[in-house]
Amino acid sequence: MTNLNEKYGLKRVINASGRMSILGVSAPSDTVFEAMKQGGQNYVEIADLVDKAGARIAEMVESEDAVVVNSASSGIALSVAAMVTKGRVGISMKLHQEAITTNEIILLKGHNVQYGAPIETMIALGGGRRIEVGYANEGRKNHVIDAINERTAALLYVQSHHAVQKNMLSVEEMREISLAHNIPLIIDAAAEGDLKKYVQLGDLAIYSGSKAIEGPTTGIVAGGKEYVSWVKTQLHGIGRSMKVGKESTFGLLAALEEYWDKADTSAIQKQVVQKLAADLANDAGITVTEVQDEAGRPIFRARIKIDAQQAGKNAVELVQALRSGPIAIYTRDYGATQGFFDIDSRSLQGDDAAVIAAEIKRFIV
(Lines give C-alpha, C1' and ligand atoms only; values in the text may rest on other atoms or scores of the structure.)
Protein backbone atom coordinates (compact mmCIF):
# COMPACT_ATOMS: atom_id res chain seq x y z
CA MET A 1 0.00 0.00 0.00
CA THR A 2 1.28 3.47 -0.87
CA ASN A 3 2.50 5.44 2.13
CA LEU A 4 0.69 8.74 1.66
CA ASN A 5 3.14 10.66 3.85
CA GLU A 6 5.98 9.56 1.58
CA LYS A 7 3.95 10.14 -1.58
CA TYR A 8 3.28 13.76 -0.68
CA GLY A 9 6.58 14.47 1.07
CA LEU A 10 5.18 14.64 4.61
CA LYS A 11 7.21 13.73 7.67
CA ARG A 12 6.23 10.90 9.95
CA VAL A 13 4.47 12.36 12.98
CA ILE A 14 4.25 10.88 16.46
CA ASN A 15 1.30 12.38 18.28
CA ALA A 16 2.14 12.41 21.99
CA SER A 17 0.13 15.56 22.66
CA GLY A 18 -3.39 14.09 22.65
CA ARG A 19 -6.38 14.60 20.39
CA MET A 20 -5.08 17.80 18.81
CA SER A 21 -6.58 19.40 15.71
CA ILE A 22 -3.14 20.50 14.43
CA LEU A 23 -2.22 16.81 14.00
CA GLY A 24 -5.53 15.57 12.60
CA VAL A 25 -7.10 14.84 16.01
CA SER A 26 -7.59 11.04 15.91
CA ALA A 27 -7.25 7.94 13.74
CA PRO A 28 -10.76 6.52 13.10
CA SER A 29 -11.33 2.78 12.83
CA ASP A 30 -11.83 0.73 9.66
CA THR A 31 -15.54 0.50 10.52
CA VAL A 32 -15.80 4.28 10.51
CA PHE A 33 -14.02 4.58 7.18
CA GLU A 34 -16.18 1.86 5.65
CA ALA A 35 -19.28 3.83 6.68
CA MET A 36 -17.75 6.96 5.16
CA LYS A 37 -16.99 5.09 1.94
CA GLN A 38 -20.53 3.72 1.60
CA GLY A 39 -22.11 7.03 2.58
CA GLY A 40 -19.88 9.03 0.28
CA GLN A 41 -20.50 6.83 -2.75
CA ASN A 42 -24.27 7.12 -2.57
CA TYR A 43 -26.75 9.99 -2.79
CA VAL A 44 -29.10 11.10 -0.05
CA GLU A 45 -31.46 13.97 0.66
CA ILE A 46 -29.25 16.05 2.92
CA ALA A 47 -32.14 17.66 4.80
CA ASP A 48 -33.47 14.20 5.62
CA LEU A 49 -30.02 13.03 6.69
CA VAL A 50 -29.63 16.06 8.98
CA ASP A 51 -32.89 15.23 10.75
CA LYS A 52 -32.46 11.43 10.87
CA ALA A 53 -28.82 11.56 11.95
CA GLY A 54 -29.67 14.13 14.59
CA ALA A 55 -32.52 12.00 15.92
CA ARG A 56 -30.26 8.93 16.14
CA ILE A 57 -27.54 10.87 17.95
CA ALA A 58 -30.12 12.37 20.32
CA GLU A 59 -31.26 8.86 21.15
CA MET A 60 -27.70 7.82 21.98
CA VAL A 61 -26.78 10.86 24.10
CA GLU A 62 -30.27 11.13 25.65
CA SER A 63 -31.13 14.62 24.47
CA GLU A 64 -34.31 15.88 22.81
CA ASP A 65 -32.56 16.49 19.48
CA ALA A 66 -29.13 16.97 17.93
CA VAL A 67 -27.50 18.20 14.77
CA VAL A 68 -24.19 17.26 13.14
CA VAL A 69 -21.90 20.19 12.36
CA ASN A 70 -18.43 20.23 10.85
CA SER A 71 -16.52 20.81 14.10
CA ALA A 72 -17.01 21.71 17.73
CA SER A 73 -15.62 25.13 16.88
CA SER A 74 -18.36 25.77 14.35
CA GLY A 75 -20.78 24.37 16.90
CA ILE A 76 -19.93 27.28 19.20
CA ALA A 77 -20.54 29.86 16.46
CA LEU A 78 -23.78 28.23 15.34
CA SER A 79 -25.06 27.85 18.90
CA VAL A 80 -24.37 31.51 19.62
CA ALA A 81 -26.09 32.49 16.36
CA ALA A 82 -29.07 30.34 17.37
CA MET A 83 -29.43 32.11 20.71
CA VAL A 84 -28.89 35.58 19.28
CA THR A 85 -31.46 35.15 16.48
CA LYS A 86 -33.78 32.75 18.34
CA GLY A 87 -34.06 30.89 15.06
CA ARG A 88 -35.80 33.72 13.23
CA VAL A 89 -35.10 33.13 9.56
CA GLY A 90 -34.97 36.75 8.40
CA ILE A 91 -32.44 37.82 11.01
CA SER A 92 -30.46 34.59 10.63
CA MET A 93 -30.03 35.20 6.90
CA LYS A 94 -28.84 38.76 7.59
CA LEU A 95 -26.64 38.03 10.59
CA HIS A 96 -24.00 40.79 10.96
CA GLN A 97 -26.08 42.99 8.67
CA GLU A 98 -28.96 43.82 10.98
CA ALA A 99 -28.58 45.24 14.49
CA ILE A 100 -29.55 42.74 17.21
CA THR A 101 -29.98 44.14 20.69
CA THR A 102 -30.13 40.89 22.67
CA ASN A 103 -26.72 39.56 21.71
CA GLU A 104 -24.62 39.42 24.88
CA ILE A 105 -22.96 36.09 25.69
CA ILE A 106 -21.69 35.86 29.26
CA LEU A 107 -18.67 33.69 30.04
CA LEU A 108 -16.05 33.55 32.76
CA LYS A 109 -12.81 35.41 32.08
CA GLY A 110 -10.94 32.18 32.81
CA HIS A 111 -12.96 30.49 30.05
CA ASN A 112 -12.06 32.90 27.25
CA VAL A 113 -9.43 30.50 25.95
CA GLN A 114 -7.33 30.03 22.84
CA TYR A 115 -7.88 26.40 21.82
CA GLY A 116 -6.44 26.73 18.31
CA ALA A 117 -8.65 29.76 17.71
CA PRO A 118 -9.90 32.28 20.28
CA ILE A 119 -13.29 31.33 21.67
CA GLU A 120 -14.22 35.03 21.53
CA THR A 121 -13.81 34.87 17.75
CA MET A 122 -16.40 32.07 17.53
CA ILE A 123 -18.76 34.13 19.69
CA ALA A 124 -18.35 37.12 17.37
CA LEU A 125 -18.77 34.91 14.29
CA GLY A 126 -22.12 33.83 15.70
CA GLY A 127 -23.22 37.45 16.08
CA GLY A 128 -22.66 37.52 19.82
CA ARG A 129 -21.04 40.18 21.97
CA ARG A 130 -18.64 38.67 24.48
CA ILE A 131 -19.17 39.70 28.11
CA GLU A 132 -16.34 38.46 30.33
CA VAL A 133 -17.03 38.22 34.04
CA GLY A 134 -14.88 37.50 37.05
CA TYR A 135 -11.12 37.33 36.97
CA ALA A 136 -8.48 35.10 35.42
CA ASN A 137 -8.09 33.31 38.75
CA GLU A 138 -11.62 33.65 40.14
CA GLY A 139 -15.13 33.13 38.82
CA ARG A 140 -18.07 33.34 41.21
CA LYS A 141 -21.85 33.07 40.84
CA ASN A 142 -22.33 36.72 41.67
CA HIS A 143 -19.97 37.72 38.83
CA VAL A 144 -22.31 36.04 36.37
CA ILE A 145 -25.55 37.19 37.99
CA ASP A 146 -24.45 40.83 38.12
CA ALA A 147 -23.82 40.82 34.35
CA ILE A 148 -27.26 39.52 33.34
CA ASN A 149 -29.56 42.14 31.80
CA GLU A 150 -32.13 42.57 29.04
CA ARG A 151 -29.39 42.26 26.39
CA THR A 152 -28.24 38.81 27.59
CA ALA A 153 -28.80 36.12 24.95
CA ALA A 154 -27.08 33.19 26.66
CA LEU A 155 -24.51 31.99 29.17
CA LEU A 156 -21.50 30.05 27.85
CA TYR A 157 -19.58 27.55 29.97
CA VAL A 158 -16.32 26.07 28.68
CA GLN A 159 -15.72 22.58 30.08
CA SER A 160 -12.15 22.10 28.96
CA HIS A 161 -8.61 21.46 30.13
CA HIS A 162 -7.74 24.73 28.35
CA ALA A 163 -9.87 26.72 30.79
CA VAL A 164 -8.77 27.83 34.26
CA GLN A 165 -9.77 25.05 36.66
CA LYS A 166 -8.95 26.63 40.03
CA ASN A 167 -11.43 28.85 41.86
CA MET A 168 -14.12 28.76 39.15
CA LEU A 169 -17.80 28.06 39.63
CA SER A 170 -18.87 24.62 38.43
CA VAL A 171 -21.02 23.86 35.43
CA GLU A 172 -23.75 22.80 37.86
CA GLU A 173 -23.65 26.24 39.50
CA MET A 174 -23.82 27.90 36.09
CA ARG A 175 -26.91 25.81 35.36
CA GLU A 176 -28.53 27.02 38.59
CA ILE A 177 -28.04 30.60 37.42
CA SER A 178 -29.38 29.76 33.97
CA LEU A 179 -32.58 28.27 35.35
CA ALA A 180 -33.10 30.93 38.01
CA HIS A 181 -32.84 33.76 35.47
CA ASN A 182 -34.43 31.92 32.51
CA ILE A 183 -31.30 32.43 30.38
CA PRO A 184 -30.25 29.55 28.08
CA LEU A 185 -26.92 27.87 28.76
CA ILE A 186 -24.47 26.71 26.07
CA ILE A 187 -21.81 24.22 27.21
CA ASP A 188 -18.66 23.76 25.16
CA ALA A 189 -17.67 20.19 26.07
CA ALA A 190 -15.65 19.54 22.92
CA ALA A 191 -13.14 17.03 24.28
CA GLU A 192 -15.25 15.52 27.06
CA GLY A 193 -15.92 11.81 27.10
CA ASP A 194 -19.22 11.86 29.02
CA LEU A 195 -21.63 12.37 26.13
CA LYS A 196 -24.73 12.33 28.32
CA LYS A 197 -23.79 14.55 31.25
CA TYR A 198 -23.63 17.93 29.55
CA VAL A 199 -26.83 17.62 27.52
CA GLN A 200 -28.59 17.27 30.86
CA LEU A 201 -26.94 20.39 32.26
CA GLY A 202 -27.17 22.74 29.29
CA ASP A 203 -29.74 23.85 26.75
CA LEU A 204 -27.15 23.17 24.05
CA ALA A 205 -24.06 21.01 24.54
CA ILE A 206 -21.26 20.90 21.99
CA TYR A 207 -18.97 17.92 21.41
CA SER A 208 -16.18 17.21 18.97
CA GLY A 209 -16.86 14.20 16.78
CA SER A 210 -13.18 13.51 16.31
CA LYS A 211 -11.75 13.71 19.84
CA ALA A 212 -13.15 11.34 22.46
CA ILE A 213 -15.54 9.81 19.90
CA GLU A 214 -12.68 9.21 17.39
CA GLY A 215 -14.82 9.87 14.34
CA PRO A 216 -14.10 12.03 11.30
CA THR A 217 -13.74 15.80 11.62
CA THR A 218 -17.23 16.75 12.80
CA GLY A 219 -19.05 18.19 15.76
CA ILE A 220 -22.31 17.58 17.59
CA VAL A 221 -24.72 20.16 19.00
CA ALA A 222 -27.29 18.43 21.21
CA GLY A 223 -29.97 19.71 23.53
CA GLY A 224 -33.55 20.92 23.66
CA LYS A 225 -35.61 20.42 20.53
CA GLU A 226 -36.44 24.10 20.05
CA TYR A 227 -32.86 25.22 20.59
CA VAL A 228 -31.53 22.61 18.15
CA SER A 229 -34.10 23.78 15.59
CA TRP A 230 -32.64 27.27 15.96
CA VAL A 231 -29.19 25.85 15.21
CA LYS A 232 -30.54 24.08 12.12
CA THR A 233 -31.82 27.43 10.85
CA GLN A 234 -28.22 28.68 10.87
CA LEU A 235 -27.20 25.91 8.45
CA HIS A 236 -28.77 28.02 5.69
CA GLY A 237 -26.99 31.18 6.90
CA ILE A 238 -23.43 31.33 8.27
CA GLY A 239 -23.56 27.55 8.63
CA ARG A 240 -23.53 27.14 4.86
CA SER A 241 -19.80 27.91 4.96
CA MET A 242 -19.38 25.24 7.64
CA LYS A 243 -21.38 22.44 6.05
CA VAL A 244 -20.57 18.83 6.82
CA GLY A 245 -20.42 16.19 4.08
CA LYS A 246 -22.67 13.16 3.98
CA GLU A 247 -19.67 10.84 4.27
CA SER A 248 -18.58 12.55 7.50
CA THR A 249 -22.07 12.29 8.96
CA PHE A 250 -22.19 8.54 8.29
CA GLY A 251 -18.68 8.16 9.71
CA LEU A 252 -19.68 9.99 12.88
CA LEU A 253 -22.73 7.77 13.32
CA ALA A 254 -20.53 4.67 12.98
CA ALA A 255 -18.01 6.06 15.48
CA LEU A 256 -20.80 6.74 17.97
CA GLU A 257 -22.12 3.20 17.59
CA GLU A 258 -18.64 1.93 18.49
CA TYR A 259 -18.07 4.46 21.25
CA TRP A 260 -20.26 2.88 23.88
CA ASP A 261 -18.42 -0.46 23.68
CA LYS A 262 -14.89 0.91 24.00
CA ALA A 263 -12.82 -0.46 26.86
CA ASP A 264 -11.29 1.76 29.51
CA THR A 265 -7.71 2.46 28.41
CA SER A 266 -6.48 3.89 31.72
CA ALA A 267 -4.41 0.78 32.51
CA ILE A 268 -2.73 0.89 29.10
CA GLN A 269 -1.97 4.60 29.53
CA LYS A 270 -0.33 3.86 32.88
CA GLN A 271 1.75 1.08 31.34
CA VAL A 272 3.17 3.53 28.80
CA VAL A 273 4.09 5.88 31.65
CA GLN A 274 5.90 3.01 33.38
CA LYS A 275 7.72 2.04 30.17
CA LEU A 276 8.95 5.57 29.57
CA ALA A 277 10.03 5.86 33.21
CA ALA A 278 12.02 2.63 32.86
CA ASP A 279 13.56 3.60 29.51
CA LEU A 280 14.69 7.00 30.82
CA ALA A 281 15.55 5.95 34.38
CA ASN A 282 19.31 6.19 33.93
CA ASP A 283 19.41 9.47 32.06
CA ALA A 284 20.72 12.39 34.09
CA GLY A 285 18.42 15.38 34.34
CA ILE A 286 15.21 13.51 33.50
CA THR A 287 12.45 12.57 35.92
CA VAL A 288 9.29 10.76 34.77
CA THR A 289 6.10 10.76 36.84
CA GLU A 290 2.45 9.93 36.23
CA VAL A 291 -0.10 12.77 36.16
CA GLN A 292 -3.84 12.80 35.58
CA ASP A 293 -5.54 15.20 33.18
CA GLU A 294 -5.91 18.67 34.69
CA ALA A 295 -9.66 18.73 34.01
CA GLY A 296 -10.20 15.47 35.88
CA ARG A 297 -10.80 13.22 32.87
CA PRO A 298 -9.60 9.56 33.16
CA ILE A 299 -6.46 10.34 31.14
CA PHE A 300 -3.03 9.52 32.57
CA ARG A 301 0.13 10.98 31.08
CA ALA A 302 3.87 10.73 31.57
CA ARG A 303 5.25 14.02 32.87
CA ILE A 304 8.89 14.46 31.90
CA LYS A 305 10.68 17.01 34.05
CA ILE A 306 13.98 18.34 32.73
CA ASP A 307 16.89 19.56 34.83
CA ALA A 308 18.53 21.77 32.21
CA GLN A 309 21.91 21.87 33.96
CA GLN A 310 22.23 18.09 33.95
CA ALA A 311 20.46 17.38 30.63
CA GLY A 312 22.20 20.07 28.62
CA LYS A 313 18.88 21.36 27.30
CA ASN A 314 15.92 22.93 28.98
CA ALA A 315 12.38 21.66 28.42
CA VAL A 316 11.55 24.30 25.80
CA GLU A 317 14.65 23.43 23.76
CA LEU A 318 13.98 19.71 24.02
CA VAL A 319 10.35 20.08 22.94
CA GLN A 320 11.45 22.10 19.91
CA ALA A 321 14.18 19.59 19.05
CA LEU A 322 11.74 16.67 19.20
CA ARG A 323 9.30 18.49 16.95
CA SER A 324 11.97 19.50 14.43
CA GLY A 325 13.67 16.11 14.13
CA PRO A 326 13.43 13.67 11.20
CA ILE A 327 10.38 12.22 12.93
CA ALA A 328 8.19 15.06 14.21
CA ILE A 329 7.35 14.22 17.83
CA TYR A 330 4.65 16.48 19.26
CA THR A 331 4.46 16.50 23.04
CA ARG A 332 2.00 18.19 25.35
CA ASP A 333 4.13 21.23 26.01
CA TYR A 334 1.94 23.61 28.05
CA GLY A 335 4.40 23.43 30.97
CA ALA A 336 7.62 23.65 28.97
CA THR A 337 8.55 27.09 30.32
CA GLN A 338 8.16 25.62 33.82
CA GLY A 339 10.61 22.82 33.01
CA PHE A 340 8.38 19.90 31.99
CA PHE A 341 6.27 18.44 29.21
CA ASP A 342 3.80 15.55 29.06
CA ILE A 343 3.46 12.47 26.88
CA ASP A 344 -0.16 11.54 26.10
CA SER A 345 -0.25 7.90 25.04
CA ARG A 346 -3.81 7.73 23.67
CA SER A 347 -2.75 8.39 20.07
CA LEU A 348 0.54 6.47 20.10
CA GLN A 349 0.89 3.72 17.50
CA GLY A 350 3.30 0.82 16.96
CA ASP A 351 6.80 1.66 18.21
CA ASP A 352 6.01 5.32 18.95
CA ALA A 353 6.81 5.08 22.70
CA ALA A 354 10.20 3.50 22.02
CA VAL A 355 11.02 6.14 19.40
CA ILE A 356 10.10 8.93 21.84
CA ALA A 357 12.47 7.56 24.47
CA ALA A 358 15.25 7.06 21.93
CA GLU A 359 14.90 10.58 20.53
CA ILE A 360 14.91 12.14 24.00
CA LYS A 361 18.14 10.27 24.75
CA ARG A 362 19.62 11.44 21.47
CA PHE A 363 18.95 15.10 22.13
CA ILE A 364 20.23 15.34 25.70
CA VAL A 365 23.89 15.25 26.77
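The values are calculated or read from the model by the stated rules, or taken from the named source; none is laboratory data. Model, not experiment: these values are computed from the prediction. Glycine gets a Cβ as well: all are built from the backbone with ideal geometry, and neighbour counts include every protein chain shown. Areas reflect the complete protein model, heavy atoms only, side chains present, ligands, DNA and RNA absent. Shrake-Rupley method; radii C 1.70, N 1.55, O 1.52, S 1.80 Å.
When both bridge partners sit in the chain, DSSP labels roughly 55% of those beta bridges antiparallel. Taking only the alpha carbons of the chain, we obtain Rg and Dmax values of 21.9, 67 Å in that order. Of the residues HIS111, HIS236, ranked by 1.4 Å probe accessible area with the largest first, the sequence reads HIS236, HIS111.
Here LYS225 is the anchor, and the aspartates and glutamates within straight C-alpha reach of less than 13 Å, apart from those fewer than 8 places off in the same chain, are ASP51, GLU59, GLU62, GLU64, ASP65, ASP203.
Only protein heavy atoms count here; under a 1.4 Å probe, ARG240 has an accessible surface of about 150 Å². Semi-axis lengths, largest first, of the ellipsoid equivalent to segment 236-294 are 41, 18, 10 Å, with √(5λ) applied to each eigenvalue of the Cα gyration tensor.
In segment 1-44, which trypsin sites (Lys or Arg not before Pro) fall in coil by DSSP and have 14 or fewer other Cβ atoms within 10 Å? Kindly include the intermediate steps, with their values, before the conclusion.
Values: sites: LYS7, LYS11, ARG12, ARG19, LYS37; in loops: LYS11, ARG12, ARG19.
Within segment 1-44, the qualifying trypsin sites (Lys or Arg not before Pro) (loop, at most 14 other Cβ atoms within 10 Å) are LYS11, ARG12.
Counting only heavy atoms of the protein chains and using a 1.4 Å probe, GLU258 has close to 60 Å² of accessible surface.
Taking a straight line from the alpha carbon of LYS37, these lysines sit under 28 Å away, with near neighbours fewer than eight places off in the same chain left out: LYS7, LYS11, LYS52, LYS211, LYS232, LYS243, LYS246, LYS262.
Residues THR31, THR101 ordered from highest to lowest accessible area at a 1.4 Å probe: THR101, THR31. In segment 135-243, inverting the average of 1/r over every pair of distinct C-alpha atoms gives 15.0 Å as the Kirkwood radius.
Plainly put, segment 118-172 has a radius of gyration that is 0.94 times its Kirkwood radius, both from alpha-carbon atoms, as the Rg/Rh ratio. Pairs of Cα atoms in segment 239-358 fall into 10 Å distance bins, from 0 up to the last occupied one, in shares of 12, 36, 27, 17, 7, 1 percent.
For the pair GLU6 and LYS270, a Förster radius of 25 Å applied to the C-beta separation gives a FRET efficiency near 0.15, rounded to the nearest 0.05. Annotation: VAL69 carries an accessible surface of approximately 0 Å², with a 1.4 Å probe and no ligand, DNA or RNA atoms counted. Sorted largest first by accessible area at a 1.4 angstrom probe radius, with every protein chain in place, the residues ARG88, ARG130, ARG297 fall in the order ARG88, ARG130, ARG297. For segment 193-263, applying the loop criterion from DSSP together with a ceiling of 14 other beta carbons within 10 Å to the chymotrypsin sites (Phe, Trp or Tyr not before Pro) yields TRP260.
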